[in-house]
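Written below as structure tokens is the structure these notes are about.
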Amino acid sequence: MKNIATFLLAALFALTAAASGPEAVFLGTNHALLRVDADRGKYLLMPVQETIEDSKVNIIVDGHIDKTIYVRLAKYRVDHTVPFDLSPYKGHTVVFSIETSQSRSSVREAKEDACWSRFAYADTFDTSNREKYRPAYHHTPLYGWMNDPNGMFYADGTWHLYYQYNPYGSKWQNMTWGHSTSTDLVHWQHLPLAIEPDALGTIFSGSCAIDSTNSAGFGKNAVIAMYTSADRSQTQSLAHSTDGGLSFVKYPGNPAITMDSEARDPNFFFDKESGEWKLVLAHALNKEMVFFSSPDLKNWTYTGAFGKGLGAQNGVWECPDLFQLPVKGTDMKKWMLICNINPGGPFGGSATQYFIGEFDGKTFKADEDADGNVPVKWLDYGKDFYATVTWNNAPQGRRTAIGWMSNWQYAAEVPTSQYRSANTLPREIELYKGDDGQIYAASLPSPEIDAIRGNVVSKATAVNIGAKARSYKLPASGLAEICIDLNTQKATQALIKLSNNFGEEVLMTYDPTTDVLSFDRKNSGLTDFSQDFPDPSEGKAFSTDGALSLRIFIDHSSIEIFANDGRLVMTNLVFPRSPYTTLSVSDKDGATRIDNLKIYDINI
Ligand code: FRU
């Protein structure tokens, strides 16, 4: 009796569940229609299976295609749902015309897809965190896929961060500008989608600036965005915002810049010297950057190109940035050209290279070394630092940068599902003159990050390591800032290890004879989602007399090392099964000394 009751209840529940969403009409083995009543809820929840190919969904309103999105509609099981915002369609019945891509032998089989019974109307979408690897103090989207940070600008105390976003799944697709803001560079507010795809294409990376002289005629202090419209070809488009960057109106004359081969990620700024706008664009496959200038942001003139055959060339050039900075300790100013490259990074896949030189308003010329070569310089020596660009208009002349904390080699495979990818900590870029006479960029954690330093959990001063490793407790929260100064003058190798109860470990090895710091995450936790993930990374630490000074930031799935005042920076993802609990320092010959160690918890 009880069983029958349970069965009836379950059947009733299944019926109500099915009734709570729109019914599919099947037109063939790979084609179905959903009639969606936009008055039944704020959202239509769409059931997604991560490993299934995209379905093409045309959203038809009054007989016209309003938008086309690609969604991995569930075939065998529902991993999670994504919300489609119905509020713009109030008062309408909207037809979702769905083309599935996997082959089905019959309509009967098509009807068995897991998605059909799980479309649902809802007034809310639950974004509470369901992921153990979601960072606690790094920017992430609430749900969905994110890659490049882009379009960043600062105004009236607010840091605006836009990003490459897929609102309809946790893999790359439907590129849209997502939007977050922060007043302290740590806590981020999530705002509505800022720029959505149109008939010219999806919305790839770009930049924003404030038009304080109304040179474009969109209004004094309008926020101007330039981005790549990506369809069969890539063109550059313009949009403006008069509500402080919340919503954008696209320029009817788009595209504003066209080229006859792949070019993307426009980065523009106002050049006070010439009174004109300058723009740098990645001529991706030619592996060069091209420059344009404009009096009014609408009409652009090509002025030159830089980079053919220079620097790292084993991948496409993407996401440029160009700005001038003083060189610390000198009265010089230099231009820095950021040039992200993928693949072709020093440890495989994506990385951020940069050039130092001069910009004459038309093109860039890189400084050469003593042998007349243009040296290759990397901004970060980890595996997970890409698409790095800086905030326009940051206060006090600051050059604040942020990178996408992932690598195209495995970004879509990392073990998260509700969302994918985080951004790095924001960093201040400074230029300094190296011992070889070259100008280099140092990156320091933005000063705002100091505010989240919590209690000291472990500390030590003047400890000679000796034959036995010294161990220190890490915060139970799994979050930490570690400040450690080592004296390795007499040592041949110092090892800093993070480990947990599963025997998982991260090894940071410093070799004073070569001045190289390396990062080994082979046994750091989950690594087998990609054969490229375990690869080690390393970089020159710029220590003097064996003094190695590190600031290490640990979040739930990342480790960022700032060595010797940011002269070496390494950003790497890690996915330990449980947080690292112990930091230990050891040394081959027992000759390393810990001058100072403080391990702080993070207050967030
Ligand atoms: C870099 C990039 C950009 C492009 C964007 C597309 O990661 O390939 O060149 O604008 O991603 O999402």
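The values are calculated or read from the model by the stated rules, or taken from the named source; none is laboratory data. In this text, all values refer to a predicted model and were calculated from it rather than measured experimentally. For neighbour counting, all protein chains shown are included, and Cβ atoms are generated from backbone atoms with ideal geometry for every residue, glycine included. For accessibility, only protein heavy atoms count, side chains too; no ligands or nucleic acids. Shrake-Rupley method; radii C 1.70, N 1.55, O 1.52, S 1.80 Å.
Below are the figures for this structure:
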{"quantity": "Pairs beyond 25 Å (Cα-Cα), from LYS468/LYS598; LYS287/LYS522; LYS250/LYS365", "calculated": "LYS287/LYS522; LYS250/LYS365"}
{"quantity": "Probe 1.4 Å, accessible area per residue of the stretch 208-280, Å²", "calculated": "43 Å²"}
{"quantity": "Cα long-axis angle, helix 2-19 against the chain (0 to 90 degrees, to the nearest 10)", "calculated": "80 degrees"}
{"quantity": "Per residue solvent-accessible surface (Å²) - the stretch 338-386, probe of 1.4 Å", "calculated": "33 Å²"}
{"quantity": "Cβ-based net charge around LYS334, under 9 Å, with every Lys or Arg adding one and every Asp or Glu removing one", "calculated": "-1"}
{"quantity": "Low-density loop cleavage sites - chymotrypsin sites (Phe, Trp or Tyr not before Pro) in the stretch 20-120, where at most 15 other Cβ are within 10 Å (DSSP)", "calculated": "TYR76"}
{"quantity": "Whichever aspartates and glutamates have a C-alpha closer than 17 Å to that of LYS433, once near sequence neighbours (fewer than 8 apart) are set aside", "calculated": "ASP331, GLU358, ASP367, GLU368, ASP369, ASP565"}
{"quantity": "Cβ crowding within 10 Å averaged over residues, with 129-140, 336-347 ranked highest first", "calculated": "336-347, 129-140"}
{"quantity": "Cα centroid separation, the stretch 249-273 to the stretch 520-598 (Å)", "calculated": "40 Å"}
{"quantity": "Accessible surface of ILE356 - all protein chains present, 1.4 Å probe, nearest 10 Å²", "calculated": "0 Å²"}
{"quantity": "Probe 1.4 Å, all protein chains present, accessible-area order of ARG551, ARG232, ARG40, largest first", "calculated": "ARG232, ARG40, ARG551"}
{"quantity": "Trypsin sites (Lys or Arg not before Pro) within the stretch 464-522: DSSP coil, no more than 16 neighbouring Cβ in 10 Å", "calculated": "LYS468, LYS490, LYS522"}
{"quantity": "Added length on full extension, which subtracts the Cα-Cα distance from 0.36 nm per residue, LYS132 to GLN396", "calculated": "91.3 nm"}
{"quantity": "Point-to-point label distance, ASP231-SER87, nm (Cα→Cβ direction, 7 Å offset)", "calculated": "2.9 nm"}
{"quantity": "Listed peptides 507-514, 528-535 by packing density, highest first (mean Cβ within 10 Å)", "calculated": "507-514, 528-535"}
{"quantity": "Charge context of TYR432, other residues only, Cβ under 15 angstrom, K/R +1, D/E -1", "calculated": "+2"}
{"quantity": "Cut-off under 5 Å, modelled amide H: who pairs with GLY151 long-range", "calculated": "GLY206, SER207, CYS208"}
{"quantity": "Kirkwood Rh and Cα Rg combined as Rg/Rh, the chain", "calculated": "1.00"}
{"quantity": "Solvent-accessible surface ranking, highest first, for THR492, THR213 at 1.4 angstrom", "calculated": "THR213, THR492"}
{"quantity": "Within straight-line cross-link reach of LYS132, aspartates and glutamates at Cα separation under 12 Å, skipping those fewer than 8 residues along the same chain", "calculated": "ASP555"}
{"quantity": "Cβ-derived FRET efficiency at R0 56 Å, VAL463 paired with SER212, nearest 0.05", "calculated": "0.55"}
{"quantity": "ASP436 accessible area, 1.4 Å probe, all protein chains in place, Å² to nearest 10", "calculated": "90 Å²"}
{"quantity": "Net charge over other residues, Cβ less than 14 angstrom from the Cβ of SER229 (K, R count +1; D, E count -1)", "calculated": "-2"}
{"quantity": "Reach of LYS540 by Cα under 12 Å, taken over aspartates and glutamates that are not fewer than 8 positions away in the same chain", "calculated": "ASP380, ASP511, ASP515"}
{"quantity": "Relative contact order (%) - the stretch 290-423, alpha-carbon pairs under 8 angstrom, separation at least six", "calculated": "18 percent"}
{"quantity": "Area of ARG567 that stays accessible when all protein chains are in place (1.4 Å probe, Å², to 10)", "calculated": "90 Å²"}
{"quantity": "Inter-centroid distance (Cα atoms) of the stretch 401-469 relative to the stretch 340-386, Å", "calculated": "19 Å"}
{"quantity": "Filter on LYS90/LYS220; LYS473/LYS588; LYS334/LYS497; LYS42/LYS171; LYS333/LYS459 - keep pairs with C-alpha separation over 30 Å", "calculated": "LYS90/LYS220; LYS334/LYS497; LYS333/LYS459"}
{"quantity": "Largest-first ordering by accessible area, 1.4 Å probe, given options ASP156, ASP367", "calculated": "ASP156, ASP367"}
{"quantity": "Portion, in percent, of the accessible area of the stretch 283-416 that falls on carbon or sulfur, probe 1.4 Å", "calculated": "47 percent"}
